[in-house]
Amino acid sequence: MDLPRSFSIREGGSRILNPFDEHKLATLGRALRLPAGSRILDLACGKGEMLCTWARDLGYTGLGVDVSSSFIADADTRARELGVESRVGFRHDDAAGFVHDPEADVASCMGASWIGGGPTWRDSVTGTLALLQRSVRPGGLLLLGEPFWKLRPQSEEALAACHAQTLDDFAELPSLLDHFADLDYDLVEVVMADEHSWDRYAASQWLAIRRWLDANPDDELHGELRTELDASPRQHLLHQRSHLGWGVFVLMRR
Ligand SMILES: C[S@@+](CC[C@H](N)C(=O)[O-])C[C@H]1O[C@@H](n2cnc3c(N)ncnc32)[C@H](O)[C@@H]1O
């Protein structure tokens, strides 16, 4: 069980694997207004930047779970680098079905709601919130990092550039908010990515891919990643930037 190698190449230059920059991640941590020692379970934690920096800056503690062994190794390294290895831990595992014990103050899933099921965004959000709810104490906070259509694509080219097969792959914001309410959640905080923070996520991948291509001309992944670098900047700058939004929605069960 692991992610394909192309992920660690593409995200080799990034610590945050979502459209937040470090300022937005810090804003979100502060916005939770939790006491030091509060415990967070982060499903699909990537390289663990959220847990590590929140442990350093806010004294939060936690466990991150991710299916990528390379990202988990990076998360362990980062925890040692920031001197927070006694407050946070990381586990290489499939987060689907993971239940934390003892119950956490916060359960989060940022940018991986497919772990809750599919095929539509409604199924994924419903399943992921159920997964998170099982892992959090009564009155705890759920953090869901989720994309949505800022603007509905009007062409097949724009849809494909946003890596969507159909319009139903992502919610529109009103439908997403209605869905939270239908599932009996209060939205109690939110931090939104913007075009500039999204640029950090997207564009850092182009440089990582280009440097890897130069250093690995004979690798079997060379052709695939060359094709990706040819397409990605246009896809992001001409389509994703204008059509897609992303935010972390902080929810509490009513
Ligand atoms: C877009 S990244 C977000 C990572 C992290 N939450 C962040 O915001 O930096 C998606 C992550 O989901 C992880 N992932 C995908 N499927 C998973 C699963 N079934 N269980 C655990 N992690 C998974 C990937 O390895 C990747 O780290």
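The values are calculated or read from the model by the stated rules, or taken from the named source; none is laboratory data. In this text, all values refer to a predicted model and were calculated from it rather than measured experimentally. All Cβ positions, glycine included, derive from the backbone under ideal geometry; neighbour counts span all protein chains shown. Keep in mind that these areas ignore ligands, DNA and RNA; they rest on the heavy atoms of the full protein, side chains included. Shrake-Rupley method; radii C 1.70, N 1.55, O 1.52, S 1.80 Å.
Does any residue of region 67-80 turn out to be closer than 20 Å to L141 by Cβ and crowded, with 18+ Cβ neighbours inside 10 Å? Walk me through it before giving the result.
First, pick out the residues of region 67-80 that are closer than 20 Å to L141 by Cβ: none.
No: region 67-80 contains no residue that is closer than 20 Å to L141 by Cβ and crowded, with 18+ Cβ neighbours inside 10 Å.
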Exercise for review: Would you point out which residue out of D42, D57 is of a type outside the set (F, W, Y) and open to solvent by 20 Å² or more (accessible area, probe 1.4 Å)?
Suggested key: D57
Check your understanding: In this structure, is A231 among the small types (G, A, S), part of a helix (DSSP H, G or I) and in contact with a helix residue (DSSP H, G or I) (Cβ under 7 Å, 6 or more places away or on another chain)?
Key -> no
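When you look at T227, is it open to solvent by 50 Å² or more (accessible area, probe 1.4 Å), of a type outside the set (D, E) and under 18 Å from S8 (Cα atoms), yes or no? Outline the logic, then answer.
Numbers: open to solvent by 50 Å² or more (accessible area, probe 1.4 Å): yes; of a type outside the set (D, E): yes; under 18 Å from S8 (Cα atoms): yes.
Yes.
Going by the structure shown, is D57 in contact (Cβ under 8 Å) with a residue 40 or more places away in the chain and not hydrophobic (A, V, I, L, M, F, W, C)?
No: the conditions fail for D57.
Between G111, G97, which is at positive phi and in contact (Cβ under 8 Å) with a residue 60 or more places away in the chain?
Values: G97 fails: in contact (Cβ under 8 Å) with a residue 60 or more places away in the chain.
After ruling out the rest, the residue left standing is G111.
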Review point. Which condition breaks for V65 when tested against (1) within 9 Å of the ligand (Cβ to nearest atom); (2) closer than 16 Å to S108 by Cα; (3) outside any strand (DSSP E or B)?
Key: (3)
Check your understanding: If we scan region 81-91, do we find a residue that is within 11 Å of the ligand (Cβ to nearest atom) and part of a loop (DSSP other than H, G, I, E, B)?
Key -> no
Point to revise | Extreme residue, most open to solvent (accessible area, probe 1.4 Å), among residues of region 1-30 that are part of a helix (DSSP H, G or I) and within 24 Å of N216 (Cα to Cα) | key: R5
Point to revise | Top-ranked residue of region 96-114 - restricted to ones that are surrounded by 21 or more Cβ atoms within 10 Å (Cβ to Cβ) and either part of a strand (DSSP E or B) or β-branched (V, I, T) (or both), ranked as nearest to the ligand (Cβ to nearest atom) | key: M110
Exercise for review: Assess whether P153 counts as being assigned to a loop (DSSP other than H, G, I, E, B) and away from the ligand (no atom under 12 Å from the Cβ).
Suggested key: yes
